[in-house]
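Report on the following structure.
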Amino acid sequence: MRNAQAQNAEARNTEARITVNGDETPIAPAAPHTTVLDFLRERGLTGTKEGCAEGECGACSVLVARPGLDKPTDWVAVNACLLPVAALDGQEVVTAEGLATPGEAGTPPALHPVQEEMAVRGGSQCGYCTPGFVCSMAAEYYRPDRCAHADPDGGTDPEHGPNGFDLHALSGNLCRCTGYRPIRDAAFAVGTPAADDPLARRREQAPPRPVATAYTRGDSAFLRKNTLDETLRLLRERPDAVVVAGSTDWGVEVNIRSRRAGCVVAVDRLPELRELRIEADHVEIGAALTLTEIERRLDGGVPLLADLFPQFASRLIRNGATLGGNLGTGSPIGDSPPALLALDASVVLADADGEREVPLAEYFTGYRQSVRRPGELIRAVRVPLPLSPVTAFHKIAKRRFDDISSVAVAFALDIEGGTGTGIGNGVVRKARIGLGGVAATPIRALATEAALEGRPWSAETAEAAARVLRGEGTPMDDHRASALYRSAMLGQSLLKLYAQTTEAVSS
Ligand SMILES: Cc1cc2nc3c(=O)[nH]c(=O)nc-3n(C[C@H](O)[C@H](O)[C@H](O)COP(=O)(O)OP(=O)(O)OC[C@H]3O[C@@H](n4cnc5c(N)ncnc54)[C@H](O)[C@@H]3O)c2cc1C
Ligand code: FES
Ligand code: FES
């Protein structure tokens with residue numbers, strides 16, 4: 001009996017395959033927790049580097065073929081150090097080695113246009129970071145709507161090149177010796193993919209389908225089902241399973257804290273978790289859509305989220321990270337909960353018995369704890385419509401990009417009337433304020449909301465409410481910030497919002 005089971009497992013394992021630079025290769029004998037980075041390097045593709053193993057440096061960046069927005073397939077750059085290779089069963093990956101075109105016998109390969117620009121503009125010195133930069137740059141090179149935003153005269157936007165290149169594409173890549181100017185020059189010099197460019201042509205074909213995976217080695221398994229129902233039944237059978245979506249949190253646990261799971265269940269490609277629907281009275285956002293997908297699909301339609309996304313980690317992380325994962329960690333310093341609290345959002349939870357909707361304000365119950373039961377998945381997040389017109393997301397962190405919040409404050413205000421066409425001295429009809437980093441859970445600033453509602457939106461109201469806001473939560477001293485600083489930043493945040501809204505009126 002044991003032999004038959006082992007043979008079955010073996011048969012399934014040999015079916016788990018990944019296509020790397022055009023060559024299909026079995027995932028076995030890698031352990032289920034093996035990262036894409038280690039898998040590639042063990043097969044000799046050592047261009048993909050390990051710098052930090054926690055998603056901070058981008059030296060491990062590779063391209064994966066994903067469902068596209070404007071084309072059937074997009075080339076998306078991700079951190080290979082965080083993603084288990086078993087999560088890419090049936091998928092296609094391109095590494096820095098696969099970007100160049102192999103030369104005829106005895107001749108060197110022809111560099112890819114982004115490699116060529118990095119070489120001729122001095123974008124590489126020691127070269128350790130270069131393969132990662134080149135992959136992130138290639139993903140942006142192939143972004144279908146990049147050229148639509150090209151401004152050959154140069155424009156005045158320092159974050160976009162005349163070729164439409166968005167520098168945020170490189171926000172997850174660090175270089176310690178070249179300096180960023182030559183790298184930016186290379187990015188801003190790349191042209192448009194040629195008609196016969198193989199990766200540009202690949203975008204016109206359907207992306208690889210997600211495949212059901214049952215990859216087991218010894219007593220650990222990586223499992224993926226095709227449907228939500230099958231997944232929920234599996235979670236009922238395996239209450240010990242660890243659910244993963246983009247693995248940007250779980251990957252850090254595996255690499256840095258050496259956590260291992262007997263059973264990992266992937267939910268990132270479940271169609272039921274990947275819908276984005278705009279209904280008459282709410283927007284429903286699938287829990288397994290990546291933040292990049294949400295950002296591009298909403299296209300500014302929820303301004304508070306549009307404000308949040310560029311401040312959340314880096315493009316590399318946002319290409320994998322999901323809202324389900326951000327809420328699933330239950331972290332008090334996650335960035336989406338303050339914004340979703342200010343938006344009065346609710347969470348749709350699903351298990352094998354059905355669904356229930358829980359207001360986010362009632363979701364968190366304690367430090368990294370929530371009302372979510374074992375076997376329950378976050379299926380979607382619902383944001384009610386209409387949206388409050390005055391919104392802002394203020395993230396206070398040590399670095400402007402790619403850093404965890406010390407404090408995060410999200411505002412959503414309805415301000416009625418006001419002087420002239422503006423909102424100054426209008427009356428605050430509704431105030432929703434979400435806070436992160438000042439308590440064991442993300443919280444609403446209820447006392448401050450009460451101090452604003454029914455009052456004129458004036459400097460006096462803002463100053464009085466800022467004093468109340470400084471006293472919200474129970475901020476702590478830690479390595480990121482002192483309690484005093486956190487509290488001061490809360491107050492400043494409201495004064496900043498007031499200045500932003502009234503400056504907009506006078507300009
Ligand atoms: C370098 C770096 C920078 C980061 N910067 C930020 C930042 O600026 N702001 C921020 O908020 N976070 C940040 N993070 C944390 C992380 O990227 C986010 O929490 C992300 O949203 C997690 O999503 P994921 O899909 O990758 O989750 P995963 O790692 O796949 O899962 C995380 C947890 O959520 C659970 N989970 C996942 N999906 C579901 C679901 N549908 N239902 C129930 N449970 C689920 C998993 O079981 C797991 O416990 C950063 C991480 C890294 C490595
Ligand atoms: S090795 Fe640093 S981000 Fe992956
Ligand atoms: S070239 Fe040395 S770290 Fe970037």
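Where a number appears in this text, it was derived from the coordinates with a stated rule and is not lab data. Quantities reported herein were computed from a predicted structural model and do not represent experimental measurements. So basically every Cβ, Gly included, is an ideal-geometry build from the backbone, and we count neighbours across all protein chains shown.
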> Quick one: net charge of T46's neighbours, Cβ under 12 Å, K/R +1, D/E -1?
Replying inline: -1
>> If you fit an axis through the alpha-carbon atoms of helix 2-15 and take the longest principal axis of the Cα set of the chain, what angle between them do you get, 0 to 90°, nearest 10?
In response: 80
> For the stretch 439-507 and the stretch 70-127, what is the separation of their Cα centres, given in Å?
Replying inline: 45
>> For a protection proxy built on the mean count of beta-carbon atoms within 10 angstrom, sort 173-183, 404-414, 222-232, 442-452 highest first, please.
In response: 404-414, 442-452, 222-232, 173-183
> What nm distance separates the two modelled labels at C52 and T107, each placed 7 Å from Cα along Cα→Cβ?
Replying inline: 4.1
> Stretched out fully, how many nm does the piece from M476 to V242 gain, at 0.36 nm a residue minus the Cα gap?
Replying inline: 81.2 nm
> What net charge is computed for the residues neighbouring A148, neighbours being all others with C-beta under 14 Å from the C-beta of A148, Lys and Arg scored +1, Asp and Glu -1?
Replying inline: -2
>> Using the Cα centre of the chain as the reference point, and only Cβ charges (+1 on K/R, -1 on D/E), how large is the resulting charge dipole? Debye, rounded to the nearest 20.
In response: 980
> Residues with beta-carbon under 12 Å from that of D23, excluding D23: net charge, scoring Lys, Arg +1 and Asp, Glu -1?
Replying inline: -1
> Taking 0.36 nm per residue of separation and subtracting the Cα-Cα distance, what length does fully extending E284 through R17 add?
Replying inline: 92.8 nm
> Angle between the Cα long axis of helix 483-506 and the longest principal axis of the chain, 0 to 90 degrees, nearest 10?
Replying inline: 80
> Going 7 Å from the Cα of R400 toward and past its Cβ, which residues in the stretch 310-325 have a backbone nitrogen under 17 Å from where you end up?
Replying inline: 310-315
>> So for the chain, if I pair up every lysine 8 or more residues apart or on another chain, how many of those pairs have alpha-carbons under 28 Å apart?
In response: 6
>> Output the 0 to 90 degree angle, nearest 10, between the alpha-carbon long axis of helix 459-470 and the longest principal axis computed from the alpha carbons of the chain.
In response: 60
> In debye to the nearest 20, how big a dipole does the stretch 390-506 give about its Cα centre with +1 on each Lys and Arg Cβ and -1 on each Asp and Glu Cβ?
Replying inline: 220
> If you count, for each residue, the other Cβ atoms within 10 Å and average over each peptide, how do 253-265, 311-323 line up from highest to lowest?
Replying inline: 311-323, 253-265
> In whole percent, what relative contact order does the stretch 407-507 give with Cα contacts below 8 Å and a gap of six or more residues?
Replying inline: 25
> Based on the Cβ-Cβ distance of R277 and A100, what FRET efficiency does E = 1/(1 + (r/R0)^6) give at R0 = 45 Å, to the nearest 0.05?
Replying inline: 0.60
> When the chain is fully extended, how far beyond the present Cα-Cα distance does H149 get from A206, taking 0.36 nm per residue of separation?
Replying inline: 18.0 nm
> Dimensions of the stretch 194-351 along principal axes (Cα, Å, largest first)?
Replying inline: 48, 47, 34
>> What are the equivalent ellipsoid semi-axes of the chain, built from the alpha-carbon gyration tensor (square roots of five times its eigenvalues), in whole angstrom, biggest first?
In response: 40, 30, 20
>> Which residues does the label zone of K430 cover in the stretch 450-469, counting backbone N under 16 Å from a point 7 Å along Cα→Cβ?
In response: 450, 452-455
> If one computes P(r) from the Cα atoms of the stretch 390-506, what percent of pairs lie at distances over 23 Å?
Replying inline: 27
> Just from its helices, what would the mean residue ellipticity at 222 nm be for the chain, if runs of 4 or more DSSP H residues each count -39500 (n - 2.57) and the sum is divided by every residue, rounded to the nearest 500 deg cm²/dmol?
Replying inline: -8500 deg cm²/dmol
